[in-house]
Every structure is written in C-alpha cells, then in structure tokens.
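Here's the structure we're looking at; comments come further down.
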Amino acid sequence: MVRSDRSANSNHNIQWNWCPVDEIIPLALQDITQAEIQSVIDVLQGNRLSRGPQLEAFEEACAKIAGRKYGIAVNSGTSALHLCVKSLGIQDGDEVITTPFSFIATTNCILFERAKPVFVDIDLQTYNITPDAIESAITARTRAILPVEAFGNTIYFDRYEQIARNHGISMIEDSCEAFGGVLGNRNAGSFGDASTFGFYPNKQITTGEGGMIVTDRDDIARSSRSYRNQGYSGGYNPQYERLGYNYRLNEVTAALGYQQVLRLEELLSKRRKVAFAYDSCLGELVDNGFLSLPPMMERERASFFVYVIRIAERFDATDRRRLIEFLGQKGIQCSSYFEAIHLQPHVIAATGYRKGQFPVAEHVAEHTIALPFSPLMTAKQVELVVSSLQQWFSQNG
Ligand SMILES: *Cc1c(COP(=O)(O)O)cnc(C)c1O
C-alpha cells in the first residue's frame with residue numbers, strides 16, 4: 001500500500017500529509033485490473049471518444065444488474081438524481097420526502113428545482129427512513145419520495161414502493177450506495193419509477209466520476225437522454241425541445257465502467273469478506289458496549305458500500321474527533337460520515353429546519369465513523385485497525 005495519494009476519499013477533518021507513519025491504510029481504494037486499464041487504452045487508440053459502443057454496453061449492463069429496461073449513463077450520480085427529478089416534472093412548490101442522513105446530493109437534486117425536501121427521521125436499527133414516518137409526512141403537495149439505501153442497506157424498499165403506489169406519488173430510488181444489492185427477489189435499482197447509481201472511486205464499481213439512471217418507464221428514459229444532451233430531441237434538423245444540460249459520459253469512462261460491471265460479483269464478494277472480517281474482529285468491542293456494527297440485512301448477499309461503526313452514546317463529538325485523530329496518527333484513515341443534511345447551512349437557508357427535529361439522524365451523524373474499507377484490504381490491515389480501536393477504547397472507555 002502506498003501513501004495517501006492513492007486514497008480515493010480525502011478526509012474532511014484531518015490533514016494527512018503530516019502523518020508520521022509510512023504505511024497508510026486508506027479510507028477507500030479502487031480495485032482496477034490490467035484488463036480494465038487495457039480497455040481504456042483501446043478506446044484512446046480508437047476513433048470514438050464520446051457517444052459510442054462502450055456507452056451502450058455500459059448502460060445495458062447496468063440496466064441488467066438492476067433488472068430494469070433502460071440504463072441512461074451520465075457524468076455523476078448527482079446528475080442522475082437531477083435528471084430523475086426533472087423527468088418527473090418536480091418543480092417549485094412541490095414536496096419530496098427524503099432522508100436527512102445521506103450524501104448531500106440526495107437533497108441538492110431537489111433544491112436544484114426549487115422543490116422542498118421534506119425530511120423524515122431514520123431508525124436506529126437500519127439507518128433508512130422509517131416507513132411509518134413517511135406516511136405521516138405526506139401532504140397534498142407531496143410529489144415523490146426519494147429514499148436512500150444507507151451504506152447499501154436495501155431494507156424497507158418494497159414498503160416505500162407500496163407507500164408511493166398507495167398515495168399515487170412518484171418514487172426515485174437513490175441507489176448510489178447499493179449497486180448490486182438485493183432485497184429478497186428484487187434488485188437494488190428496481191424500486192419506484194427510476195433509480196440512480198454513482199461510480200465515484202469509493203463505490204462498488206467505479207469510473208472515477210460517473211452515474212446512471214435505470215428505469216422501466218419509456219418517458220423517463222427518453223427525457224433523461226434528452227436532458228443529458230442539451231435537451232436534444234433527435235431527428236434530422238437538430239431540435240431542442242427542452243432546456244437541457246451536458247451530463248454526457250465519455251467512452252473512456254464508459255469502457256472502464258463496463259469492464260468493472262463484468263467483475264461485479266468478485267468485487268462484492270471481496271467487500272463482504274472484509275466486512276465479515278471486521279464484524280468478527282470487532283465482536284469484543286461490541287460486547288463491551290463501546291460500539292455497534294453497521295446495520296446490514298441479508299449479509300450473505302449484501303452489497304457493502306462502506307464500513308461504518310457507531311460509537312456508544314456516552315461518547316461525544318470531541319471524543320469522536322480524538323478517536324479519528326488517534327487512528328490518523330497510526331496511518332489509519334477514518335472519517336465522520338454522514339453529516340446530518342438538514343443542519344447544513346444552505347439547507348437551513350432553503351428550508352428552515354433546525355437542530356433537534358430528527359433526533360435519530362442527528363444522533364447517528366454524531367456517532368458514526370467510517371473505517372478503512374475496500375476490496376483490496378487485507379486481514380492484517382483489518383486487525384491493525386481493530387487493535388488500534390481496542391487500544392483507544394481501553395484508554396478512553
Ligand atoms: C455517491 C452518492 C451519490 C452520487 O454522488 P456523485 O459524486 O455525484 O457521483 C448520490 N447519492 C448518494 C447517497 C451517494 O452516496
């Protein structure tokens with residue numbers, strides 16, 4: 001393992017360049033093979049760098065993974081979410097029910113269209129929004145629900161879909177953390193009207209930057225294709241029927257994505273192996289009441305995005321910061337993850353939400369720590385992380 005320049009995620013809390021040790025255990029690390037690198041070289045040596053066969057192959061492969069009819073590739077997961085919101089016609093004054101415990105893109109895509117994110121709390125056992133809380137948040141202005149598989153956890157998605165159906169509202173599944181995941185006989189990415197994937201370097205498959213919309217709806221597929229390409233409507237005379245964007249994904253990126261999808265099962269199983277190693281090594285700390293393991297259902301088929309522990313309630317924000325710094329000094333990159341979305345300044349300005357309104361999300365946001373996690377992590381590295389945790393808790397528990 002080399003120094004932090006190969007790490008996929010920069011940590012927001014800590015400057016890594018002062019790290020006194022030689023060996024860094026990075027927060028995330030992409031797993032890319034020689035064959036994948038060659039596929040990129042092949043594209044660069046060919047004559048199509050955009051809008052070519054790699055894009056189509058990547059789209060088809062992702063649609064298949066989700067069990068959907070269409071895949072529409074875009075340049076990020078955020079772009080994918082934005083085009084789902086646009087395609088459903090969500091606009092100024094509409095309400096969209098979503099989670100306060102996610103990556104900020106889940107909320108930003110609603111705010112892009114001046115619609116109102118209506119947060120409902122998550123539950124402590126799953127980190128996903130509580131189905132009953134959605135029911136009580138629905139008003140005459142509710143246009144859609146936008147739930148997230150927190151850290152890859154697919155639980156409740158069948159129930160969210162049923163709630164949306166019962167109330168005649170749309171559902172966008174932010175599946176950006178659950179690529180390849182399942183819930184019973186359903187795939188992550190198959191729930192609601194449209195779903196999104198993201199391919200940032202810490203995700204289950206990566207293209208550096210990239211995203212995908214998957215849907216069964218012809219109209220959403222058509223409008224997303226148009227929106228990603230300036231609103232182009234096709235035909236001989238270029239016609240732009242709507243105000244669109246340049247959210248296109250190039251062939252170099254698509255080639256890498258396609259090759260990564262082909263290796264999905266291997267990548268997921270490597271991730272599970274690391275997660276299960278953490279689970280068993282952390283058992284003693286769990287039993288002694290220092291921390292909780294990540295919530296994840298159907299563990300044998302789970303698609304792990306990150307490995308996030310939650311330290312016990314008695315530890316506060318300062319304790320957590322000190323623990324993250326302690327690990328950082330040993331070259332172990334950790335991060336507080338996620339921050340509560342309703343407390344971010346631009347979200348407060350747009351919505352007026354305040355501290356205290358979503359106590360579970362706030363509690364979880366204040367107590368979670370993402371540990372180093374990647375398909376390339378070794379058992380020895382997992383043990384080193386856990387023994388360092390043990391050391392800190394024995395001195396500070
Ligand atoms: C990764 C992620 C996205 C997409 O992020 P991009 O960086 O835009 O690709 C969206 N939502 C969630 C919950 C994510 O974790």
> Which length gain, in nm to one decimal place, applies between Arg242 and Asn185 when the Cα-Cα distance is subtracted from 0.36 nm times their residue separation?
Replying inline: 16.8 nm
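Starting from the range 305-397, pick out the GluC sites (Glu not before Pro) whose DSSP state is loop and whose Cβ has at most 12 other Cβ atoms within 10 Å.
On the way: sites: Glu313, Glu325, Glu339, Glu362, Glu366, Glu383; in loops: Glu313, Glu339.
Here the sparse-neighbourhood loop sites are Glu313.
Given the peptides 43-54, 291-302, arrange them by the average over their residues of other C-beta atoms within 10 Å, most packed first. Kindly include the intermediate steps, with their values, before the conclusion.
Working: 43-54: 13.8, 291-302: 17.5.
Descending mean neighbour count gives 291-302, 43-54.
What is the sum of charges, Lys and Arg at +1 and Asp and Glu at -1, for the other residues whose Cβ falls under 9 Å from the Cβ of Cys176? Could the numbers behind the result be given before it?
Values: positive: Lys203; negative: Glu149, Asp174, Glu177.
In short, -2.
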> When the Cα centres of the range 102-156 and the range 281-351 are compared, how far apart do they sit, in Å?
Replying inline: 20 Å
>> Could you give each residue of the range 269-284 its phi-based ³J(HN,Hα) in whole Hz, using Karplus coefficients 6.51, -1.76, 1.60 with θ = phi - 60°, and x for Gly or Pro?
In response: 6, 5, 5, 4, 4, 5, 4, 5, 5, 4, 3, 6, 5, 7, x, 5
> Where both residues lie in the range 110-261, what percent of DSSP beta bridges are antiparallel, nearest 5?
Replying inline: 60 percent
>> Once the cut-off is 35 Å, how many percent of the Cα-Cα pairs in the chain end up in the long-distance tail?
In response: 26 percent
>> Can you work out the Karplus-derived ³J(HN,Hα) for every residue in the range 158-169? Use 6.51 cos²θ - 1.76 cosθ + 1.60 with θ = phi - 60°, whole Hz, and x for glycine or proline.
In response: 5, 6, 4, 4, 5, 4, 4, 4, 4, 9, x, 10
>> So, for the chain, what is the accessible surface per residue at a probe of 1.4 Å, expressed in square angstrom?
In response: 42 Å²
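Hey, could you grab the Kirkwood Rh for the range 159-274? Inverse mean 1/r over distinct alpha carbon pairs, Å, one decimal.
Working: mean 1/r = 0.0626 Å⁻¹.
It is 16.0 Å.
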> What does a probe at Ser50 reach in the range 70-103, counting residues whose amide N is under 13 Å from the point 7 Å along Cα→Cβ?
Replying inline: 75
>> Can you give me the angle between helix 218-228 and the longest principal axis of the chain, using Cα atoms only, in degrees from 0 to 90, rounded to the nearest 10?
In response: 80 degrees
> So, counting K/R as plus one and D/E as minus one, what does the shell of residues with Cβ under 13 Å around Trp392 add up to?
Replying inline: +2
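What do the square roots of 5 times the Cα gyration tensor eigenvalues come to for the range 248-397, in whole Å, largest first, as semi-axes of the equivalent ellipsoid?
Details: eigenvalues 154, 122, 41 Å².
Ellipsoid half-lengths, sorted descending, are 28, 25, 14 Å.
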>> Test of the criteria: in the range 119-224, which trypsin sites (Lys or Arg not before Pro) are in a DSSP loop and have at most 14 other Cβ atoms within 10 angstrom of their Cβ?
In response: Arg141
>> On C-alpha positions alone, give me the angle between the axis of helix 34-45 and the longest principal axis of the chain, in degrees, nearest 10.
In response: 40 degrees
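Quantify, in whole percent, the carbon and sulfur part of the accessible surface of the chain (1.4 Å probe; protein heavy atoms only). Numbers along the way, then the final one.
Working: 8090 of 16610 Å².
Ligands and nucleic acids excluded, carbon and sulfur reach 49 percent.
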>> Can you compute log10 of I(q)/I(0) for the range 285-334 with the Debye formula, treating each Cα as one identical point scatterer, at q = 0.16, 0.23 Å⁻¹?
In response: -0.59, -0.98
> Assigning unit charges at the beta carbon (Lys, Arg +1; Asp, Glu -1) and nothing else, what dipole magnitude in debye, to the nearest 20, does the chain show about its Cα centre?
Replying inline: 560 debye
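If you look for lysine pairs in the range 269-397 that are eight or more places apart or on different chains, how many of them have Cα atoms under 28 Å apart? Could you put the intermediate results ahead of the total?
Values: Lys270/Lys330; Lys270/Lys380; Lys273/Lys330; Lys273/Lys380; Lys330/Lys380.
Value for the range 269-397: 5.
The values are calculated or read from the model by the stated rules, or taken from the named source; none is laboratory data. The structure presented is a predicted model; accordingly, all values stated were derived computationally and were not measured. A quick note on method: Cβ atoms are made from the backbone with ideal geometry, for glycine too, and the neighbour counts reach across all protein chains shown. Accessible surface areas use protein heavy atoms only, side chains included; no ligands, DNA or RNA. Shrake-Rupley method; radii C 1.70, N 1.55, O 1.52, S 1.80 Å.
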